[in-house]
Amino acid sequence: MSEIGKNPSFAVLLMAHGTPESVDQMTEYLRLVRGGREPSPELVEEMSHNWRAIGGHSPLTDITLQQAAALKAELARRGMDVPVAVGMRNWAPFIADAARELQASGAARVIGIPLAPQFSTLSVQKYMDAAKAALPDDLPFTCVRSFHDHPLLVKAFAERVQAAAPKLDEEVIFTAHSLPQRVAQSGDSYPDEVAETAKLVAAESGVGPYLRAYQSAGRTPEPWLGPDLSELIRARAGAGVRKVLVVPIGFVCDHTEILFDIDVQAAEAARESGVALRRTESLNASPTFINALADLVLTQ
């Protein structure tokens with residue numbers, strides 16, 4: 001652990017996926033997500049429909065900015081006046097914009113935290129690469145690679161589970177974002193880290209038997225990690241299950257993957273199968289989660 005004194009000359013860069021500000025920006029957003037490739041009209045319409053179903057706006061950027069403000073306040077409480085900026089990979093404020101902001105602050109080094117607990121070459125690595133490319137070579141940059149098993153992250157998720165108070169006849173399903181199977185087959189640690197987070201949160205919250213599922217798979221023909229959440233719910237309904245509690249442990253705030261993929265899409269699959277679905281509250285600006293972020297900063 002490096003020593004960080006009061007009023008240190010370092011800055012923090014929080015990174016997330018990004019989201020358009022309105023449905024009208026969907027085509028450009030998807031173009032960015034797809035690395036410059038033009039999205040099909042069908043994909044634009046599908047994603048626009050999903051955004052409209054949650055009110056036409058994802059709160060991802062707003063909540064990430066709240067997390068940054070809370071982290072800055074927590075670091076100040078610990079005696080450190082630290083610049084904290086937010087950078088998105090696929091929309092404004094872009095990682096490059098945040099990098100310029102932190103460079104202008106005069107920070108001697110930058111600490112990056114991708115807001116995805118489990119490492120993957122398709123998510124966290126891309127955040128790290130984007131930050132490195134945006135920062136000048138002479139500005140030292142270190143980045144949190146994974147915090148899937150951080151005790152305070154585990155505690156924060158467990159607090160949400162305990163607040164939901166799972167019923168005896170309610171199956172608990174931990175979920176994370178799906179990835180193409182080829183990524184796992186190439187040795188990516190993501191599936192193992194998701195499984196470890198689920199195991200630790202279950203133990204911390206006192207959950208007995210539980211299931212794991214993936215959600216939000218991409219619209220590509222290649223196989224993705226499963227089981228898919230909606231498919232699992234249908235299968236469990238066939239086995240007589242009538243209540244499920246979904247615990248999304250691959251995400252740290254509300255956004256479309258939570259508000260649509262679980263609250264609309266999976267909930268519809270549950271209703272059609274005669275299953276009552278509940279979901280734990282997202283971490284968002286949970287004080288325990290913010291303390292986890294502060295601890296991550298102090299160990300870099």
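All of the numbers you see were taken from the coordinates with simple rules; none came from a lab. Remember, it's a predicted structure, so these values are computed and weren't measured experimentally. Positions of Cβ are backbone-derived with ideal geometry, glycine not excepted, and every protein chain shown enters the neighbour counts.
Quick notes
- Once the mean of 1/r is taken over each pair of separate Cα atoms and inverted, the stretch 216-255 shows a Kirkwood hydrodynamic radius of 12.3 Å.
- Phi angles of the stretch 180-187 translate, via the Karplus equation with coefficients 6.51, -1.76, 1.60 and θ = phi - 60°, into HN-Hα couplings of x, 4, 4, 5, 5, 5, 7, x Hz per residue; Gly and Pro are given as x.
- Cβ-based charge dipole, the stretch 12-92, positive-most Cα from Leu13, Leu65, Gly36: Leu13
- A Cβ-based charge dipole, computed about the Cα centre of the stretch 95-200 with Lys and Arg at +1 and Asp and Glu at -1, lands at about 140 debye.
- Förster-model FRET efficiency, 41 Å R0, His49 and Ala73, C-beta, rounded to 0.05: 0.60
- Working from label points 7 Å from Cα in the Cα-to-Cβ sense, the Glu42 to Ala104 distance is 4.4 nm.
- Ordering Val82, Cys143, Leu115 by Cα displacement along the dipole of the stretch 52-146 toward the positive end leaves Leu115 in first place; charges were set at the Cβ atoms of Lys, Arg (+1) and Asp, Glu (-1).
- Taking 0.36 nm per residue of sequence separation and removing the Cα-Cα distance, the Gln162/Arg34 pair yields an extension gain of 42.3 nm.
- Rounded to the nearest 20, the size of the Cβ-charge dipole of the chain about its Cα centre is 400 debye, with Lys and Arg at +1 and Asp and Glu at -1.
- Flagged links, alpha-carbon separation over 30 Å, of Lys155/Lys243; Lys126/Lys167; Lys72/Lys167; Lys72/Lys155: Lys126/Lys167; Lys72/Lys167
- A cut-off of 5 Å between modelled amide H atoms, ignoring neighbours fewer than 5 places along the same chain, links Cys143 with Gly112.
- FRET efficiency estimate (nearest 0.05) - Cβ-Cβ, Ala235 to Arg145, R0 30 angstrom: 0.30
- Correct option for Rg and Dmax of the Cα atoms in Å [calculated from the coordinates] among (i) 21.1, 74; (ii) 19.3, 61; (iii) 31.0, 99: (ii)
- Counting Cα-Cα pairs of the stretch 206-300 in 10 Å increments starting at 0 gives whole-percent bin shares of 14, 40, 30, 13, 3.
- Residue (of Thr299, Gly55, Asn284) at the positive-pole extreme of the chain, dipole from beta-carbon charges: Thr299
- The charge dipole of the stretch 167-279, taken about its Cα centre with unit charges on the Cβ of Lys, Arg, Asp and Glu (plus for the first two, minus for the last two), comes to roughly 360 debye.
- In a fully extended conformation the segment linking Ala96 and Glu281 would gain 63.5 nm over its present Cα-Cα distance, using 0.36 nm per residue.
- Difference of contour (0.36 nm per residue) and Cα-Cα distance, Ser186 to Asp62: 41.1 nm
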